[in-house]
Amino acid sequence: MNSDSLGKYITSTDSAAKSWLLVQLRLKKLQERKSEIAAEEYLRELADIHKDLMNLGEWWVGQEQEVF
């Protein structure tokens, strides 16, 4: 799935408030741009995405049935 397909999925399922999907979209977009940017910029952006992912914590706790 490319970033356009993922973006359309997020929009069509009204999932823009689901932070983990937005992190996944950012990661997919970065993956698609990897060959176009410098290695340092790639690593910086990857570290930023990782930080945001870790800040989500255990977002699924209490909503396992709805999420999984």
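Restricting the search to the stretch 34-68, which residues are assigned to a helix (DSSP H, G or I), loosely packed, with under 15 Cβ neighbours inside 10 Å and β-branched (V, I, T)? Passing the criteria: only V67.
If I ask for residues that are free of Cβ contacts under 8 Å to residues at least 24 places away in the same chain and either surrounded by 13 or more Cβ atoms within 10 Å (Cβ to Cβ) or among the acidic types (D, E) (or both), which ones from the stretch 1-14 would you list?
Step one: list which residues in the stretch 1-14 are free of Cβ contacts under 8 Å to residues at least 24 places away in the same chain, which gives 4-14.
Correct list: D4, L6, G7, Y9, I10, D14.
If you go through the stretch 16-28 and keep only what is surrounded by 14 or more Cβ atoms within 10 Å (Cβ to Cβ) and outside any helix (DSSP H, G or I), you end up with just K18. All conditions in (1) of a type outside the set (F, W, Y); (2) surrounded by 12 or more Cβ atoms within 10 Å (Cβ to Cβ); (3) part of a loop (DSSP other than H, G, I, E, B) hold for Q31, with the sole exception of (3).
Only a single criterion out of (1) under 12 Å from the mean Cα position of the chain (by Cα); (2) modelled with pLDDT under 95 is not satisfied by K29, namely (2).
The values are calculated or read from the model by the stated rules, or taken from the named source; none is laboratory data. Keep in mind that what you see is a predicted model, and the values were worked out from it rather than measured. In this analysis, Cβ positions are derived from the backbone assuming ideal geometry, glycine residues included, and neighbour counts consider all displayed protein chains.
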